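Novice: Below: one structure in structure tokens.
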Amino acid sequence: MKRVGNLWPSLISFENILGAGLDAARGKRTRPDVAAYLANLEIETAELQRELEDGTYLPGPYHTFRVLDPKPRMISAAVFRDRVVHHALTRILEPVFERRFSPDSYACRASTPEAQRGTHAALARARLAMRKYPYLLKCDIRKYFPSIDHEILKAELARAVKCGPTLDLAGRIIDGSNAQEPRDIYFPGDDLFTPFERRRGLPLGNPTSQFFANVYLDPLDQFVNRTLRAPEYVRYVDDFVLFGGSRAQLEEMLAALIPLLDELRLRPHSGKCQVRRTQDGLTFLGWRLAPGRMRLARANVLGFRSRMRTWVHEYGRGTVAGAKIRERIRAWIGHAEHGQTFRLREQLFDSYAFVRGTAV
């Protein structure tokens, strides 16, 4: 496909930045910083438009904190006006890349009548493939977001975009990423100092990070589709599964994938990248899949139990409203209902009387 140019006028238009501000505020309007921005929406929009137009916009510092569920991770939150700029950029770039992205990539993409996206669509695709093929290759990338190489990412963006100011803004956001977890790993061709000279890592929490993550792994999708020609392939962020008719076929594909991942300066998780029989099951996106069966993975269930205990204590102390707990529980039930979880849900909720009573 041809590279797309002349994106800057649309990106810095008042209408785009205004819409980006409303997108960034969705679900957060009661936060003081968001409320303050919305109270002066037109002034804030005009100021951001001016900074972008004259080149004086610079990303601000991040607020960093750690979460433990579902696994220990560092989350970096940009200030709200920076999040508005992130949305303004992705509102323009996403349509450009959507035409290029593989249909086998399911994360952080809008569903259409022709193609459903998201976790449950990826699970449905994997379940269908498990009924058709006797073997699968499950892989994920070790510490994916901290490993994303800035120069490689910028080059991937430039393969589709030829608008200098737009690429410059994307570069400022990428370069403005705060320090992530260290990933001092050597790849073929590196000298002693290479891992320390190359900047890498995107902050979890940026609206741009999920989009950039899809851009970065698009070469993997294209390689699997065009070169390996895997019979079935499903990717969700850095978790991906290939399906095939024999163990040997998939082991050859795995051997071919390693050099490509080296080029992207990524390492597969050695303990989670292996060929196995489909009938032995697959853990994917928090679910345990087998032909004809789909149940929540143990870690998912244990995580929900832990959150339930926390909500009970918070409710007892009066620090969270019953309506908020109901909203969280209903969201989890909506997710759990996609598999065979009726008895599990009964057992879980029988353990907490307030869930079934009127207190919540």
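Novice: If R0 is 45 Å, what FRET efficiency do you get for F342 and R29 from their C-beta distance, rounded to 0.05?
Specialist: It comes out at approximately 0.80.
Novice: Please sort by residue number the GluC sites (Glu not before Pro) in region 90-180 whose DSSP state is loop and whose Cβ has at most 16 other Cβ atoms within 10 Å.
Specialist: Taking region 90-180 and a limit of 16 other Cβ atoms within 10 Å, the loop GluC sites (Glu not before Pro) found are E114.
Novice: Please check: in the Gaussian network model of the chain (C-alpha springs, under 10 Å), which one of N300, N40, N16 has the largest mean-square fluctuation.
Specialist: Largest GNM mean-square fluctuation: N40.
Novice: Excluding residues fewer than 8 places away in the same chain, name every one of the lysines whose C-alpha is closer than 19 Å to that of K28.
Specialist: Filter leaves K324.
Novice: Let me know the Kirkwood hydrodynamic radius for region 40-164, please, with Cα pairs as the basis and the value in Å to one decimal.
Specialist: Computed over Cα pairs of region 40-164, the Kirkwood hydrodynamic radius comes out at 18.5 Å.
Novice: Something else: Charges only on Cβ, +1 for Lys and Arg, -1 for Asp and Glu: so what's the dipole of the chain about the Cα centre, in debye to the nearest 20?
Specialist: Approximately 1820 debye in magnitude.
Novice: A further question on this structure: What whole number of Å gives the distance from the Cα centroid of region 137-191 to the Cα centroid of region 81-110?
Specialist: Between the Cα centres of region 81-110 and region 137-191 lies a distance of 16 Å.
Novice: Let me ask something additional. I'd like to know which of L93, L296, P32 lies farthest towards the positive end of the charge dipole of the chain, counting +1 on Cβ of Lys and Arg and -1 on Cβ of Asp and Glu.
Specialist: L296
Novice: Sticking with this one: At a Cα cut-off below 16 Å, give the lysines reachable from K138, other chains included and same-chain residues fewer than 8 away excluded.
Specialist: Output for K138: K272.
Novice: Quick one: order T30, T166 from most to least accessible surface, probe 1.4 Å.
Specialist: T30, T166
Novice: Still on this structure: Rounded to a whole number, what % of the accessible area of the chain do carbon and sulfur atoms account for, probe 1.4 Å?
Specialist: After summing per-atom areas, the C and S share lands at 53 percent.
Novice: Pairs of alpha-carbon atoms within less than 8 angstrom and 6+ residues apart define the contacts here; what relative contact order does the chain have, in percent?
Specialist: 20 percent
Novice: What residue among L11, L348, L123 has the largest mean-square fluctuation in a Gaussian network model of the chain, using Cα springs under 10 Å?
Specialist: L348
Novice: Per-residue ellipticity at 222 nm for the chain, helices alone: DSSP H runs ≥ 4 residues times -39500 (n - 2.57), over residue total, nearest 500 deg cm²/dmol?
Specialist: For the chain, the value works out to -15500 deg cm²/dmol.
Novice: Dividing the alpha-carbon radius of gyration of region 130-228 by 2.2 N^0.38 Å (N being the number of residues), what value is obtained?
Specialist: 1.25
Novice: Over region 202-360, give the accessible area per residue in Å² for a 1.4 Å probe, as an integer.
Specialist: 49 Å²
The values are calculated or read from the model by the stated rules, or taken from the named source; none is laboratory data. Since the model is a prediction, treat every value here as computed from it, not as a measurement. When we count neighbours, we look across all protein chains shown, and the Cβ atoms used for this are built from the backbone with ideal geometry, even at glycine. The accessibility values were calculated without ligands, DNA or RNA, using every heavy atom of the protein model including side chains. Shrake-Rupley method; radii C 1.70, N 1.55, O 1.52, S 1.80 Å.
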